[in-house]
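The values are calculated or read from the model by the stated rules, or taken from the named source; none is laboratory data. Every value quoted in this text rests on a predicted model; they were computed, and no experiment measured them. All Cβ positions, even for glycine, are placed from backbone atoms using ideal geometry, and neighbour counts span all protein chains on display. With ligands, DNA and RNA removed, areas are computed over all heavy atoms of the protein, side chains included. Shrake-Rupley method; radii C 1.70, N 1.55, O 1.52, S 1.80 Å.
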Amino acid sequence: MPKNREAFRLDRFLSNQLNISRNDAKELIKKRLVTVNGQAAKLFDMKIDPERDTVASEGNEVVYRKHIYIMLNKPAGVICATKDRLTETVLELIPPELRRQGLFPAGRLDKDTEGFALITDDGVFAHEILSPKKHVDKKYFAVLEKPAKESDVEAFASGMEIDGGDVCMPAVLEITDNPSEVYITLREGMFHQVKRMAEAVGNKVTYLKRVQIGGLRLDENLAVGECREILHNEIEKIYAKK
Ligand code: URA
């Protein structure tokens, strides 16, 4: 195998891809239910090249995905964390067929914020989409206590100072036909940033939903609490400007 290709132990590969324990993977192999390139596998630690070898378990091909990317329409009341003793986390909303070891939310939405939460096991990708240097904007829909003013658009665009002395990067405020409903596009993700920006112009957010990450919109077919895998070409959209 070429040096830069990854080799996996068969039991580890099955455990990762099927989201089962190592022991369950070994059990499948022991029962001769796993084939590699059509031959029943005998060894737990048989080395496989996931990009070349065809592995099947109980007759079904185990399609290799190095990483997984999930779009969740996060409900209010759920937190962006991997585990919590008291509060439901976004990971608990992921159905078993999409679960894997190492999943985490890429970025945090507040407990009361709804909308597009991205869950993945790809740390490099998460770092990239969160880094302001990569220019992956996040767009939010917000309902405000009071109508937004035209002067707020300028304040958001100019890089305002918010409470605690943090200075924001320039952001886009779009006022809809109903001036209490706005879209806000940010390049960074400071703690409670949208809420603090609204407060800096004398207003208050009463409802907040993330609707877009980079060029990828939250799928309108996802009900609140539902999720689906993000397809390969959609990952490219995340990096696209709009
Ligand atoms: N800004 C906020 O204030 N809250 C969020 O959840 C996301 C952005």
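Results, tabulated for the structure shown:
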quantity	calculated
Accessible heavy-atom area order of 210, 228, 99, 52, highest first, probe of 1.4 Å	52, 99, 228, 210
Near-label residues of the stretch 100-135 by backbone N, under 17 Å of a point 7 Å along Cα→Cβ of residue 81	103-113
Solvent exposure of the chain as accessible area per residue, Å², 1.4 Å probe	55
With every protein chain in place, the stretch 74-156: carbon and sulfur % of accessible area (1.4 Å)	53
In range of the label at residue 167: residues from the stretch 188-204 whose backbone nitrogen is under 18 Å from the point 7 Å along Cα→Cβ	188-191, 197, 200-201
Most mobile listed residue (151, 131, 180) in the chain, GNM with C-alpha springs under 10 Å	151
Candidate residues 31, 133: accessible-area rank, largest first, probe 1.4 Å	133, 31
Among 81, 126, 223: highest mean-square fluctuation, GNM of the chain, C-alpha pairs under 10 Å	223
Of all accessible heavy-atom area on the stretch 8-61, the percent that carbon and sulfur account for (1.4 Å)	42
Residues residue 229 and residue 12, FRET efficiency given R0 of 35 Å [Cβ-Cβ distance, rounded to 0.05]	0.95
Residue 127 paired with residue 204, simple spin-label distance in nm, labels 7 Å along Cα-to-beta-carbon	4.1
Flagged links, alpha-carbon separation over 29 Å, of 149/209; 30/83; 146/209; 26/237; 204/237; 149/237	30/83; 26/237; 204/237; 149/237
Residue 176-residue 145 FRET efficiency (beta carbon distance; Förster radius 22 Å; 0.05 resolution)	0.90
